[in-house]
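> The structure follows.
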Amino acid sequence: MHGTEAAPRDRVRDHTAPETNRQIRDDTVRRIDAARGDPARIRGLLERLESEWDIERALETLSSTLTLVGVAAALSGRRGWLRLPFVVQTFFLQHALQGWCPPLPVLRRLGFRTQQEIEQERYALRALLHAGGGREKRAGEPASGGEA
C-alpha cells in the first residue's frame, strides 16, 4: 500500500470494540515476531492460516446451525421454535447490511478474525520468509534473525 492510499474499510472491525481489535492485532504481531528468523515456524504458521476460520465463516455456520435446529424442533411439533430461525436470520441479515450482529462481539473476543486480518498476517509471514531467503535458523542464532 502506498502512503496516499487509504486502507480499505472493514465493517466488522468498525463494529468491534477497540480493545478487542487491539488484542487481535497484538496477538498477530506476537506470532509474527516470534517466528522472525525461523522459516520452519513461519511455514507452520502459514499452514495453520490455511485452515483458520474467519469471522464470516463462523457467523454463517452459527446462523445455519441455529436455523436448522429451530426448523427441526418446529417440525417435530414444537411450533414455538420457529421464532429461533426468524431471530437468527434477522441478525444475519443485519450483519449483511450493517456489518454487525449480536454474536459478532462474542466471536471477536473469542479471536475470530476477518479475512483481511488473516491475509495481512499471511502477507507479513511470506515477506519474512522471502526476506530470509527461506534459510533455516542456525543453533544459537537469536529468534529475531538480526535487525529489521
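> Could you check the simple spin-label distance between Glu50 and Gln116, using points 7 Å along Cα→Cβ, in nm with one decimal?
2.6 nm
> By how many nm would the segment from Phe86 to Ala17 lengthen if fully extended, with 0.36 nm per residue of separation less the alpha-carbon distance?
Details: separation 69, 0.36 × 69 = 24.84 nm, distance 2.69 nm.
Working it through step by step, the gained length comes to 22.2 nm.
> Can you give the charge dipole size of the stretch 54-112 about its Cα centre, rounded to the nearest 20 debye, using +1 on the beta carbon of Lys and Arg and -1 on the beta carbon of Asp and Glu?
For the stretch 54-112, the charge dipole is close to 260 debye.
> Could you work out the mean projected area of the convex hull around the alpha carbons of the stretch 54-112, in square nanometres to one decimal?
Working: hull surface 15.1 nm².
Directional mean of the projected Cα hull area for the stretch 54-112 stands at 3.8 nm².
> Modelled label-to-label distance, Val69 and Gln98, 7 Å Cα→beta-carbon offset: nm?
Going from the Val69 label point to the Gln98 one covers 2.3 nm.
> Can you grab the distance from the C-alpha centre of the stretch 16-62 to the C-alpha centre of the stretch 91-117, Å, no decimals?
Measuring centre to centre over Cα atoms gives 16 Å.
Readers should treat all values here as calculations from the given coordinates under stated rules, not as data from a laboratory. This structure is a prediction, so every number in the text was calculated from the model and none was measured. Here the Cβ is made from the backbone with ideal geometry for all residues, glycine too, and neighbour counts use every protein chain on show.
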